[in-house]
Every structure is written in C-alpha cells, then in structure tokens.
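Colleague: What follows is a single structure, and I will ask about it in a moment.
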Amino acid sequence: MNTNKAIQIIEKLKNYYPDATCSLDFETPFQMLVAVVLSAQCTDERVNKTTPSIFSKYPTVYDFDNMDLSTLEELIHPCGFYKNKAKNLKAAARTIIEKYNGEVPNTMEELLQIPGVGRKSANVIMLEAFHNPQGIAVDTHAKRISNRIGFSNESDPLKIEQDLLKVIPKEYYYDVNHLLVWHGRKVCTARNPSCNICPIKELCKKNI
Ligand code: SF4
C-alpha cells in the first residue's frame, strides 16, 4: 500500500459516507472519556442508552470521584464488564483530579497515564473531545478492514496503527477514524462483507 492508493480509498469512502462522524454521545471531555471506556466490548448504541441518565445526575469528574463504587457498577451494568470498567472510571476520576486539576488532559502522553485509557481510547478522546487527532484508533472494525483492504498484515492493533500512519497523511486522520468504523458497520461487516456494493472494491486486496 502506498500513500496515493490510501488517499484514493479514503476519498471514495468519504464520498460514500459523507456524514461519518462519532457515534458516542457526550458533552464534555470527561463524559467522552467515560463513554469510550464503557464502549469497550459494547456497542455505541448501548452506551448511548446508558449514559444519559448517568450524566444527568453525575455530570462531572468530581461526581464520579464521590460516587460509591457499587452505585457506579449498577449504573454501568448494561455495558458489560461493569466491575472492571467501574474500577477504572473511579481510578480515572481520582487521577484526573489529583494530577490534572480536574481537567481531562489534551495530550496522548498524559491521557495514557489515566487508568483504563489505552492508545485506542486516547486516540478517540484526542479526536472527539479535542478535535486534534494524533493517530488512528484501531478498534475491531479498523483492524478487520485494514487487514482486508491491505493497509496492514499485522494483528496487533498498535502495529496496525503504525502501518496506517505510514501511508495516511495527517490531514486525513479525522476522516479515517470515522470512515473505518462506518464502513465496518455498514458494508465491510465481520461475517458477510457486502463486496458487491463496496465503493472501494477495485482497490481492496481481498478482491484483487
Ligand atoms: S471489497 Fe469487500 S472486503 Fe474489501 S473493503 Fe469492500 S466490503 Fe470489505
């Protein structure tokens, strides 16, 4: 894969998904962080059904810090892995208050210091909360599509991201983050990719 081909693919996907955007609902960087932590192993749709009642009663990092762990566990139960996620969110709230004066930091280096925030989540937070993407979040969709299209032969998300960053110019990071997810949900699905209607079928390694 070279940069010219990568750009052709991105442009075709942009035309096909002109409205591709973030599908998690949030109002503040901290709420974005909460939503992204909850979205691990869970659909964005379910997260969006779960968070409104939480954010209306507990909107801030201080509310999460003060909340009982058991209360938080109960509130986020529908999103799965609730014990681990609740523990991480409590620890994240404490870290943000103690180390960052209650503000979610806006650099990858600092975000990666927060419990429960890995590189994928940090990429999403930089993109959605701060509109300053620093890389490409490799979730299950981005991983699958990168392998199929031929962006990367790796299976480790960190290595896949490195392969993507080698051929995708920075000005496309914003779009690519959304486009890979949308394409994975709507056309290049896990079990039955709809290659016949795919806008990039002529450029996809799977079809060559
Ligand atoms: S041609 Fe098929 S495998 Fe390739 S990106 Fe399109 S849907 Fe996915």
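Colleague: Report the label-to-label distance for E110 and T21 in nanometres (one decimal), using points 7 Å from each Cα along the Cα→Cβ vector.
Modeller: It is 2.7 nm.
Colleague: Moving on to the next point. For K49 and K83, what does the FRET efficiency come to when R0 = 22 Å and r is the distance between their Cβ atoms, rounded to the nearest 0.05?
Modeller: Details: r = 20 Å, r/R0 = 0.91.
About 0.65, to the nearest 0.05.
Colleague: If you wrap a convex hull around the C-alpha atoms of the range 36-103 and split its volume per residue, what is the figure in Å³?
Modeller: On the way: hull volume 5.2 nm³, N = 68.
Measuring per residue, one finds 77 Å³ for the Cα hull of the range 36-103.
Colleague: Here's a follow-up. How big is the dipole moment of the range 114-208 about its Cα centre under a simple scheme where the beta carbon of each Lys and Arg is +1, that of each Asp and Glu is -1, and everything else is neutral? Debye, nearest 20, please.
Modeller: Working: 14 positive and 9 negative charges, 77 e Å.
With only Lys, Arg, Asp and Glu charged at Cβ, the dipole is about 380 debye.
Colleague: Would you mind telling me which residue in K57, K166, K83 has the biggest mean-square fluctuation in a Gaussian network model of the chain, where springs connect alpha carbons within a distance under 10 angstrom?
Modeller: K57
Colleague: With unit charges on the beta carbon (Lys/Arg positive, Asp/Glu negative), name the residue among P105, A86, F55 whose Cα is farthest towards the positive pole of the charge dipole of the range 29-128.
Modeller: Going by the Cα projections, it comes out as A86.
Colleague: For the range 79-122, with only Lys/Arg (+1) and Asp/Glu (-1) charged at the beta-carbon, what is the dipole magnitude about the Cα centre, in debye rounded to 20? Write out the running numbers ahead of the final one.
Modeller: Working: 8 positive and 4 negative charges, 73 e Å.
Dipole magnitude for the range 79-122 comes out near 340 debye.
Colleague: I've got another one for you. Mind pulling the angle between the C-alpha long axis of helix 140-149 and the longest principal axis of the chain? Nearest 10 degrees, somewhere in 0 to 90.
Modeller: For 140-149 against the chain, the angle is about 10 degrees.
Colleague: How far is helix 44-57 tilted, in degrees, relative to the longest principal axis of the Cα atoms in the chain, given as a value from 0 to 90 rounded to the nearest 10?
Modeller: 20
Colleague: Which of these, S23, S146, S121, has the largest mean-square fluctuation under a Gaussian network model of the chain (Cα springs below 10 Å)?
Modeller: Judging by the Gaussian network model, the answer is S23.
Colleague: Any idea which of L13, F30, H77 is furthest toward the positive side of the dipole for the range 11-111, if Lys and Arg beta-carbons carry +1 and Asp and Glu beta-carbons -1?
Modeller: Ranked along the dipole, the leading option is H77.
Colleague: What GluC sites (Glu not before Pro) in the range 61-106 are in a loop by DSSP, with at most 13 other Cβ atoms within 10 Å of the Cβ? Intermediate results must be reported in sequence, preceding the final value.
Modeller: Details: sites: E73, E74, E98, E103; in loops: E103.
Here the GluC sites (Glu not before Pro) that fit, given the DSSP loop and packing criteria, are E103.
Colleague: Compute, for the range 1-125, the length of the dipole vector about the Cα centre, with Cβ point charges of +1 (Lys, Arg) and -1 (Asp, Glu) only. Units Debye, rounded to 20. Please report the intermediate quantities before stating the final value.
Modeller: On the way: 14 positive and 15 negative charges, 97 e Å.
Roughly 460 debye, rounded to the nearest 20.
Colleague: Tell me the angle of helix 119-128 to the major Cα principal axis of the chain, expressed in degrees between 0 and 90 and rounded to the nearest ten.
Modeller: 90
Colleague: Sticking with this one: Taking every pair of distinct Cα atoms and averaging 1/r, then inverting, what Kirkwood hydrodynamic radius in Å comes out for the chain?
Modeller: Values: mean 1/r = 0.0561 Å⁻¹.
When all Cα pairs of the chain are included, the Kirkwood radius is 17.8 Å.
Bear in mind these aren't lab numbers, they're just calculated from the coordinates by the rules spelled out. Values in this document were obtained by computation on a predicted structure and should not be read as measured data. Counting neighbours? That spans all protein chains shown, and the Cβs are built from the backbone with ideal geometry, glycine included.
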